[in-house]
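Data block below; observations after.
The values are calculated or read from the model by the stated rules, or taken from the named source; none is laboratory data. None of these values were measured; they are calculated from a predicted model. As a convention, Cβ positions derive from the backbone with ideal geometry for all residues, glycine included, and neighbour counts pool all protein chains shown. For the accessible areas, the whole protein counts, side chains as well, though only heavy atoms, and no ligand, DNA or RNA atoms are used. Shrake-Rupley method; radii C 1.70, N 1.55, O 1.52, S 1.80 Å.
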Amino acid sequence: MAEYAEPFYDVNLSYAENYECGPFGAFAGALAKSTPSTTETSVSGSAAAATAYDSSSSFLDLPVNLPFGIPAGPLLNSRFTTAAFRMGFDLAVYKTVRTRAWDCNPFPNVLSVHPRTGALTPGDAELDEGVLADSHFERPLSISNSFGVPSRDPDEWQPDMRDAIAAAGLGQLLIPSFQGSRHEGMTTSEYIADHVTAARLVRETGAQLMEMNTSCPNEGRNRLLCDDPRLVGEITQAVKNEIGDMPLIIKLAYLPSDEALERMVRETAAHGSVQAFATINTVSAKLVDRKGNQALPGEGRERSGVCGSAIRSAGLDMVRRLAGMRERLGLDFAIIGIGGVMSPADYQVYRTTGADAVMSATGAMWDCELAHRIKGELPRQ
């Protein structure tokens, strides 16, 4: 990892250790400084960025300096989100929460992933044959995401989320992420109700908008909620009834079928229950070591979500297709482009492809100055 600065999430520590002791690297340095003024928070970064943004831009009708930030995943609590804001990331998504405490997958959770061609596109044979994964983090950087959507109890995450919201500066947005939790014997009605309860708990923190995660395995047998547009439509309508006019974002995995993607749009955005789609989450792959053995230890961990440089083409493809459907169907929804954003050029490509906002997880973890670099390369307003 000599090529990179210290990441703000330490992959050599457990999730619990990161939660208690993180963030690290430049994010830790940002937290160590005295609390900046509102003005300093909103324009932190390079001198060019400091004069370029006046909070006149918006996302979902909410003021934002630059529609760029960090998606659900690496920002574990208010210390992480506050550091992200201070480092110039104007959109910060608080790690997905549940209605009850939920354990993380065993350590390790993050390995470096090395596709043969450098890219992983859904449908590639390599995804099922096995992709090399090890501890040698090198460019172009892709990693495993094998956490299992852990959550603290609401009694812990609600007050912390309130702190995270309060730490946002002028032109910055804290976006809470939530999902329902399925357990054995649960009915569909109970599953929907759990989503509604999670949304209510998030609303109680004073959030201005929220994101519902539909793209992590939560129905058993490695099935994704977003594989069932009808059920997503039912859940989002129930959630919308709970949260009212508050904007609702849903996080999607890569949907290879245009028919399935259009049905998702028609079951949600077309009914007004969803105001934005965030896509993509990860690309699922079988991960193996150099001997061809399972890379991540433990039962049920043969496969993992992969994020980083390798999934950029898949993320851009989803944004392009969603933007085309938005125009063709005459609908008004926002698109958050995610996947393989490692540089200012990647940000620009996502925007020109149709994304209203862009986020980076892997890129931001190892390049804490990424938001500053993007702002520094954009023309002054």
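Could you tell me whether any residue of the range 313-320 is of a type outside the set (Asp, Glu), modelled with pLDDT of 95 or more and surrounded by fewer than 19 Cβ atoms within 10 Å (Cβ to Cβ)?
Scanning the range 313-320 turns up at least one residue that is of a type outside the set (Asp, Glu), modelled with pLDDT of 95 or more and surrounded by fewer than 19 Cβ atoms within 10 Å (Cβ to Cβ).
Identify the single condition in (1) among the aliphatic types (A, V, I, L, M); (2) buried (at least 18 other Cβ atoms within 10 Å of the Cβ); (3) under 30 Å from Leu231 (Cβ atoms) that Met186 does not satisfy, given that it satisfies every other one.
It fails just one condition, (2).
Could you list all residues from the range 109-118 that are of a type outside the set (Ser, Thr, Tyr), surrounded by fewer than 20 Cβ atoms within 10 Å (Cβ to Cβ) and in a loop (DSSP other than H, G, I, E, B)?
Arg116, Gly118, listed by residue number.
Do you know which of the residues in the range 85-118 that are among the polar types (S, T, N, Q) and within 29 Å of Tyr191 (Cβ to Cβ) is nearest to the chain's Cα centre (by Cα)?
Looking at residues that are among the polar types (S, T, N, Q) and within 29 Å of Tyr191 (Cβ to Cβ), I get Thr96.
Give the range 119-169 a look and list any residue that's open to solvent by 30 Å² or more (accessible area, probe 1.4 Å) and at positive phi, or say none.
Answer for the range 119-169, where residues must be open to solvent by 30 Å² or more (accessible area, probe 1.4 Å) and at positive phi: Gly123, Gly148.
Could you figure out which of (1) open to solvent by less than 40 Å² (accessible area, probe 1.4 Å); (2) in contact with a strand residue (DSSP E or B) (Cβ under 9 Å, 6 or more places away or on another chain); (3) under 18 Å from Ala253 (Cβ atoms) isn't true of Arg303?
Going through (1) open to solvent by less than 40 Å² (accessible area, probe 1.4 Å); (2) in contact with a strand residue (DSSP E or B) (Cβ under 9 Å, 6 or more places away or on another chain); (3) under 18 Å from Ala253 (Cβ atoms) one by one, Arg303 breaks only (1).
Which pairs turn up if I take residues in the range 3-17 that are modelled with pLDDT of 95 or more and look for partners that are open to solvent by 30 Å² or more (accessible area, probe 1.4 Å) and outside any helix (DSSP H, G or I) with beta carbon separation below 6 Å, at least 6 apart in sequence or on another chain?
Phe8/Phe24; Asp10/Phe24; Ser14/Phe107; Tyr15/Cys104
Every residue in the range 232-256 that is β-branched (Val, Ile, Thr) and open to solvent by less than 10 Å² (accessible area, probe 1.4 Å), please.
At the first step, the residues of the range 232-256 found to be β-branched (Val, Ile, Thr) are 232, 235-236, 239, 243, 249-250.
Val232, Ile235, Thr236, Val239, Ile249, Ile250 - these are the residues of the range 232-256 that are β-branched (Val, Ile, Thr) and open to solvent by less than 10 Å² (accessible area, probe 1.4 Å).
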